1. For the chain, set up a Gaussian network in which alpha carbons nearer than 10 Å are linked by springs, and say which option among His117, His175, His194 fluctuates the most.
2. Please determine, in degrees from 0 to 90 and to the nearest 10, the orientation of helix 245-257 with respect to the longest principal axis defined by the Cα atoms of the chain, where the helix direction is its Cα long axis.
3. Nearest 0.05, what FRET efficiency do Ile229 and Asp287 give at R0 = 35 Å with Cβ-Cβ as r?
4. Of Val53, Val270, how do they rank once you tally other Cβ atoms within 10 Å and put the fewest first?
5. Return, ordered by residue number, the residues of the stretch 88-118 whose backbone nitrogen is under 20 Å from a label point located 7 Å along Cα→Cβ of Thr60.
6. Please report the base-10 log of the normalised intensity I(q)/I(0) for the stretch 125-182, using a Debye sum with one equal scatterer per alpha carbon and no solvent, at each q in 0.13, 0.22 (1/Å).
7. Based on the Cβ-Cβ distance from Arg94 to Glu205, what FRET efficiency comes out when R0 is 51 Å, to the nearest 0.05?
8. Just to be sure I understand: with springs between alpha-carbon atoms less than 10 Å apart, which residue in Arg21, Arg279, Arg241 has the highest mean-square fluctuation in the Gaussian network model of the chain?
Amino acid sequence: MTSPQDRPLIVVSGATGNIGRSLVGRLLADGAAVRALTRDPARAGLPAAAETVRADLTGTGDLAPLLAGADALFLNLAAGGDAAAVAVLDAAVRAGVRRVVLNSSMAVTGTPADDTHFIARLHAGLERAVRDSGLEWTVVRGGNYATNALAWAPSIRAAGVVREAHPGAQSVPVHEADLADVAAVALLDRTGTHLGRAYVVTGPERMTLAQQVAAIGRATGREIRVEQISEEEAAEAMVGRYLTKEAARELVRMFGATVDAPPFPVSDAVEQVTGRPARTFARWAEDHAADFT
Ligand SMILES: NC(=O)c1ccc[n+]([C@@H]2O[C@H](COP(=O)([O-])OP(=O)(O)OC[C@H]3O[C@@H](n4cnc5c(N)ncnc54)[C@H](OP(=O)(O)O)[C@@H]3O)[C@@H](O)[C@H]2O)c1
């Protein structure tokens, strides 16, 4: 950071989430002060060294105290949605925060294609708001998260089975700790190297869903079957608070298109930014073995 302060204060939105939790730990280890935002501090289970603050970002509460005195903000759309993220960004500008690091998606290309599907549209809109905010900015465009595999945990635990419409769908799954490490470097950097950059951040290797299941089997020492289901069944299983049926269908179709499509690019951004290679999915499965047993 350009801050003259020895110990920059970083506000982390979505601090109990996949990336947020990892990021809080990383920032503290790097010597930063952390203000971690969560709707429920009592249940957050974050390190005592972080200042854990109650914040429902979709509520009507005053956002100013959340940003007061901060040097930088890690902004995650998952913490309340896009309108909430824009409100937090505006509050950061008003509070005199100097830098924002945005958690975005590899779906964003910065071309008109971004208007053609909902994930890209959503994240591209927030990227524009960040670029227009006048703050120093870095965007972390994550590829498919390894944590998506956590959706298999209930059926693996209950029946040793994973049900997917496209077991041959390919991606380059990225460990949340790598996304967090890249974000931490961008938040704390004092050289300016990462300003105005949008990094596509993936894992180190392309894998099918079936290969991911096999890696979880090896990490947990259990036999896991893969059962193919229809696209409609898969979409039904994905519908949730933030995902409509239509959006879920679109996602399932997108996964299907990766079975035969040219493979996703493998990015070296983790190594470029952090100086060490991205963690493998096998490593992720070992780190999360307890989630599947
Ligand atoms: N999955 C992928 O493959 C992928 C790929 C690229 C980009 N992305 C993007 O990455 C983001 C997900 O990141 P993640 O996995 O780290 O998120 P996550 O694990 O879902 O965490 C989100 C956190 O936001 C907090 N939150 C939810 N509603 C809130 C509200 N109303 N006010 C304040 N906080 C709220 C929750 O914390 P509390 O319960 O403690 O409040 C939660 O822990 C999404 O925007 C997604 O589009 C995902």
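1. His117
2. 70 degrees
3. 0.80
4. Val53, Val270
5. 88, 91
6. -0.55, -0.95
7. Once rounded, the FRET efficiency stands at 0.75.
8. Among Arg21, Arg279, Arg241, the largest GNM mean-square fluctuation belongs to Arg241.
Just so you know, all these numbers are worked out from the coordinates, no wet-lab data involved. Since this is a predicted model, take the numbers as computed values, not measurements. Here the Cβ is made from the backbone with ideal geometry for all residues, glycine too, and neighbour counts use every protein chain on show.
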